[in-house]
Amino acid sequence: MGGSLLLHVSLLGGLGWQLPQVRAPLEPPPIEARLLAPPPKPAPVPPVAAAKPKLAPPLPRPAPPPEAPAMAEPPADVSMAVDEVVAVAVAPEAAPQTESRQAEPEAAAAEPVAEVVWPPLNPLPPRLDLRFQVRYGLARGEQALVWINEGENYTLTSVAGATGLAGMFYRGRFVQTSRGRITPRGLVPEEFWDQRGDKRSSARFDSANDTLTLTPVKGAPRHFAYQGDVQDALSLFFQFALTAPPPTGPLSYTVFNGKKLRDYRYEVRGEETLETELGALRTLHLARTADGDGQFEIWLAIDRHYLPVRVLRSDDKGNEMELVLLSISP
């Protein structure tokens, strides 16, 4: 209270007011204090109770006749059905939103899916027999290549053996077989066998999972993964025949060469005319680009189903092998 009095005195006297220089303190003015009774508290307002409707006294219910059957109890899901009806009545705008969400997948499913259209394959006879002369260093031999088309499946078999004096030094036969499917995009190998004398290896292709399992002559099976289309050492020849390589531009193939998977690129060197046992043939010359896996060149007969007429290849040791066409039947 003293602070409050000083504040009032300073306001009344101004900022320059000072206490008088007297020795005896001045008597403060008398202050009259009266005690007043506190105002009465308002009476608490009682909570408003929800008005209950006055129900009329129930009317006497006539007793059912003795012969009337008792009413069955309602099923347990009646309350659920009532709640659903009430929910729809309270929020009628929710129904159109649900219909629109359900209609979206139906509209998306109705859209046609674009299908990949592959160029038509070159027609090949149900069976083709090709016979080649083989030159491997000083050795000579022959190779027979048989193509069998069984509708959606194919079988390719190659049998090679030494002839003449070379047969005295190189005994046994070299047999390769490729089996698989014929699809709109060409050949899809499924099995491949390689047998040299009494040594045999095999490979299985799983096109659904893009994997290849090789069972070698010795050792445990080996697994390879690839992407896209793959060919083997035999099917590649007839993949050329079915798809007719374009006259220009590089070509790329993933090929299983009997031991491993390799990615090969070929350049088209244009048309050339070759003199063969069948006469002069127009050919398309393809050559594999340098890849550290030896040289490979092939000449395809343009007017004879793009079948191989000449094949020239060499391994990484410099050994060269050449195949020259002798006959085609039919």
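Using the Cα centre of the range 127-329 as the reference point, and only Cβ charges (+1 on K/R, -1 on D/E), how large is the resulting charge dipole? Debye, rounded to the nearest 20. Walk me through the numbers on the way to the answer.
Details: 26 positive and 26 negative charges, 127 e Å.
Charge dipole, the range 127-329, about its Cα centre: 620 debye, nearest 20.
Using +1 at the Cβ of each Lys and Arg and -1 at the Cβ of each Asp and Glu in the range 240-281, identify which of 250, 268, 280 lies farthest towards the dipole's positive end.
Of 250, 268, 280, it is 250.
Say a paramagnetic label sat at a point 7 Å from the Cα of residue 171, along Cα to Cβ; which residues of the range 190-211 have their backbone N under 12 Å from it?
Counting only backbone N, you get 198.
Tell me, what is the percent relative contact order of the range 181-330, built from C-alpha pairs under 8 Å that lie six or more residues apart? Intermediate values should be presented prior to the final figure.
Numbers: 290 pairs, mean separation 19.6, N = 150.
So the answer I get is 13 percent.
Determine, for 156, 124, the number of other Cβ atoms within 10 Å of each Cβ, and report the residues in order from fewest to most.
On the way: 156 23, 124 17.
Placing the least packed residue first, the sequence is 124, 156.
Summing Lys, Arg as +1 and Asp, Glu as -1, what charge do residues with Cβ under 14 Å from the Cβ of residue 181 carry, residue 181 excluded?
Details: positive: 179, 185, 204; negative: 150, 152, 190, 191, 206, 229, 232.
Around residue 181, the surrounding residues sum to -4.
Compute the relative contact order of the range 204-268 as a whole-number percentage, counting only Cα pairs closer than 8 Å that sit 6 or more residues apart in sequence.
Reported relative contact order: 25 percent.
Find how much the distance from residue 285 to residue 297 grows on full extension, using 0.36 nm per residue of separation minus their present alpha carbon separation; answer in nm with one decimal. Walk me through the intermediate numbers first.
Numbers: separation 12, 0.36 × 12 = 4.32 nm, distance 0.74 nm.
Fully extending the segment from residue 285 to residue 297 adds 3.6 nm.
Determine the shape class of the range 184-302: with a ≥ b ≥ c the square roots of the Cα gyration tensor eigenvalues, call it rounded for a/c under 1.5, and otherwise prolate if a/b is greater than b/c, oblate otherwise. Mind dumping the intermediate values first?
Working: a/c = 2.14, a/b = 1.72, b/c = 1.24.
Since a/c reaches 1.5 and a/b is larger than b/c, the shape of the range 184-302 is classed as prolate.
Cut-off is 10 Å between beta-carbons; in what order do 306, 264 appear when sorted fewest neighbours first? Numbers along the way, then the final one.
Values: 306 22, 264 17.
So the ranking, lowest neighbour count to highest, is 264, 306.
Kindly identify the range 127-329 as rounded, prolate or oblate by the Cα gyration tensor criterion: order the square roots of the eigenvalues as a ≥ b ≥ c, call it rounded if a/c is under 1.5, otherwise compare a/b with b/c, prolate if a/b is larger, else oblate.
Values: a/c = 1.42, a/b = 1.09, b/c = 1.31.
It is rounded, given that a/c, with a ≥ b ≥ c, falls under 1.5.
Any chance you could run the full-extension gain for residue 244 through residue 223? It's 0.36 nm times the residue separation minus the Cα-Cα distance, nm to one decimal. The partial results should precede the final answer.
Working: separation 21, 0.36 × 21 = 7.56 nm, distance 3.11 nm.
That works out to 4.4 nm of additional length.
Each value in this text was obtained by applying a stated rule to the coordinates, not by laboratory testing. In this text the structure is predicted, and so the values were computed from the model without any measurement. For neighbour counting, all protein chains shown are included, and Cβ atoms are generated from backbone atoms with ideal geometry for every residue, glycine included.
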